[in-house]
Amino acid sequence: RLGLSYHNMHSLLQKVDSMPDRAPWMEQWITFKDRPGEKHLVQYQDIIMAIKALLGNPAHAGKIAYRPSRVFTNHSKDSRVYTEMWTGKWWHAVQSILPKGATVAPIIISTNKTQLTQFSGNRLAYPVYMTLGNIPKALRRKPSKHACVLIGYLSVDKVDRTGITDKKQRALVQQLFHVSVKMILEPLENAGKEGVDMMCGDGKVRKVFPILAAYVADYLEQTLVSCSKYGMCPICQCPETSLEEAEA
């Protein structure tokens, strides 16, 4: 009468056991070759397990897209509509070079250094979040849906300035960021080439190719991620005199 998907306690426990496990937390210390006494802690989860948990969540099974599609405004198909990530050209281009039956998992990463206290302690956190382009944006932006997961914390410890110039100190901060992010995302390199069998929320096993597709960050972090100079555009090489041109 209640429309439950289980009939007794045994079947309920079976459904609970079938839910994907959360990835365990790991930690690793990072040091510089010329400064072995200085250590920086990075905490992270296995990103592949985090992807499996998102794709395997039965609550999202009916809403996840496993292949790209093209949407048009009319039957003549002379005007195309871009809404979700799977309606874009990028997904179709990637899908065309993968084996038949492959499923693309576009990885969306976001980072944001956060000030936790203002008046005492000067506490900071540097979380790394991940979500998938397979999940509709209406779900991704709702915290209650748990479609965007925390996969790591970057080090917020300050680099020791003793005996080094300001330029060297900034270079070490940048190096620390890139080494830390590489450590978290490194499993994607082989998984994106070979594919990984994953149990999806609809009960089907698919060969999934997780590929880094987007990085969400403010301007300061965009320059850090792209290794570009502050004040310059980290996205394109269009000169400032041509910004108003449509083809720029």
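The numbers here are math on the coordinates, done by the rules we state, and not lab data. This one's a predicted model, so the numbers in the text were calculated from it and none came from an experiment. In this analysis, Cβ positions are derived from the backbone assuming ideal geometry, glycine residues included, and neighbour counts consider all displayed protein chains.
Neighbour counts of C-beta atoms inside 10 Å place V71, V42 in the sequence V71, V42, starting with the fewest. Each DSSP beta bridge with both residues in the chain is either parallel or antiparallel, and the antiparallel ones are about 75%. Checking (1) 34, 22, 13; (2) 36, 28, 17; (3) 24, 22, 20 against semi-axes √(5λ) of the Cα gyration tensor in Å calculated from these atoms, the matching label is (2). In whole angstrom, note down how far apart the Cα centers of segment 122-150 and segment 38-64 are. Computed from Cα coordinates, the inter-centre distance equals 10 Å.
Size descriptors for segment 128-190 (Cα atoms only): Rg and Dmax, in that order, 16.6, 50 Å. Within the chain, the selection of entire DSSP H helices by a Cα span of 18 Å or greater along the long axis and an average Kyte-Doolittle value of at least 0.0 returns 166-185. Each Lys or Arg adds one and each Asp or Glu subtracts one; over the other residues with Cβ under 12 Å from the Cβ of H60, this totals +3.
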